[in-house]
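This report concerns only the one structure given below.
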Amino acid sequence: MASPSSKKLESDSSQSRTAGADLNSEGAVADGKSAASDSGDAGADAVGATADGGGATADGGGATADGGGATADGGGAAADDSGVAEADAGVFESLMSLIEQKLKLKKSDGEEPPVLQSVDVAGVVAFMQSGRCKNIITMAGAGISTSAGIPDFRSPGSGLYSNLQKYDLPYPEAIFELGFFRQNPQPFFTLAKELYPGSFNPTPSHFFVKLLEEKGLLLRHYTQNIDTLEHVAGISESKLIEAHGSFRTAHCLGCRKSYNQDWIKDEVFADRVPSCESCGAVVKPDIVFFGEALPDRFYKAVATDFRKCDLLIVMGTSLTVQPFASLIDNVPPKCPRLLINRDAVGVTGVAATLQRLMGKGQAFQPSKNKRDVALIGDCDDGCFTLARQLGWQDDLQRLITEGKKKS
Ligand code: OAD
Ligand code: ZN
């Protein structure tokens, strides 16, 4: 689990690395247990947060970082859809309801109406058309690029981490770990050549984000992807946060001398492990590896963006890598959140219930939830659905067609 103050890239499945390739299922069990054993703290947080009246998200940095762990646990637990987890979830939900009643923490009936008229896609669309939704933040992961032909990481079978046998790694994520890379950079560069940006075209999901920008609604697009397809789709530099860096620059791991995209590309395509012209150490593209800090620009933008957010759209990510995953807890307590993803990440299980008790993470629970909507399925389909309901289908199609002409 990510430590609350961590600024470094961490995967929540890292605890189960000794389990080898079966990271997902092992991670779910391990995370579920550790979350359950944290329940004392969780309860304390929940009371404090609810008493604030604003939910735990209102209490800033500490809560956010805690939420990160809980969120990712929820993602892991979602993979474990056993009846036991569901039953536990029900028990916790009832328990929370009881605590709320006993402590008289329930809000009165005269409270402000929720932001969404209906907690579904139609409600989100109505809100987007209401004039009250001015600042949309989009958060994306590898799932928005799979229809371009780029594998994601964790989808069983097709994901990158299921297909790295030829690299003979101690565990799949080692390919993106700084410690491993220093000892053996070859596997990363072999993979980099295979997946090198430039060979792929943006998807309708990328163009949907561009369309949000064109409509003046996009506050920022936060991406974990290093495929640069956001650039190719024309999303402005100022609107884009590449949380896990990109291939556009590179640095020597020894003397920090910087290298440009063309230099590193030539090296990669010549099947060389790039080495520094000054000191001979290995040169690494500026993509963020596990164990490295995220770019300053990421932290600066996070500090001001999320509190202004009117609508958060999360697309194509398993929400398992920190600190990115915990960003969903940084939006204001009533800010609607729309998930467009094949998997309902962070939804069920004990850990997810605990996180709801703390007011953190995506709930998607019909009984209490007033702001979280899930469009389960392919991102592109979800974006087409939204565009159609918003009356933007021609605009989206135009961007897609123009994009094809350029490629
Ligand atoms: P993951 O592979 O962990 O998750 C991708 C999510 O997208 C999964 O929930 C899929 O079910 C879903 N998905 C895949 N294709 C989809 C589609 N066409 N439509 C809708 N959903 C789809 O990828 P990320 O969450 O991006 O870090 O992974 C996070 C980070 O882990 C990456 O940035 C990478 C990796 O280690 C680094 O390499 C530094
Ligand atoms: Zn050097």
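At-a-glance table
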quantity: Members of 193/406; 166/404; 8/239; 215/239; 257/406; 300/406 lying beyond 25 Å, as alpha-carbon distances in this model show; calculated: 166/404; 257/406; 300/406
quantity: Cβ-Cβ FRET estimate between residue 126 and residue 407, R0 fixed at 35 Å, reported to 0.05; calculated: 0.50
quantity: Per residue, in Å², the accessible surface of region 150-204 once ligands and nucleic acids are set aside, probe 1.4 Å; calculated: 46
quantity: Residues residue 178 and residue 263, FRET efficiency given R0 of 22 Å [Cβ-Cβ distance, rounded to 0.05]; calculated: 0.55
quantity: Extension gain from residue 272 to residue 215, taking 0.36 nm per residue of separation minus the Cα-Cα distance; calculated: 16.1 nm
quantity: Carbon and sulfur %, accessible surface of region 153-241 computed with the full protein complex present, 1.4 Å; calculated: 50
quantity: Pairwise centroid distance, computed over Cα atoms, of region 269-317 with region 204-225, Å; calculated: 19
quantity: Contour excess over end-to-end distance, with Cα ends at residue 248 and residue 381 and 0.36 nm allotted per residue; calculated: 44.9 nm
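The values are calculated or read from the model by the stated rules, or taken from the named source; none is laboratory data. Values in this document were obtained by computation on a predicted structure and should not be read as measured data. Note that we place each Cβ from the backbone using ideal geometry, even for glycine, and neighbour counts take in every protein chain shown. The accessibility values were calculated without ligands, DNA or RNA, using every heavy atom of the protein model including side chains. Shrake-Rupley method; radii C 1.70, N 1.55, O 1.52, S 1.80 Å.
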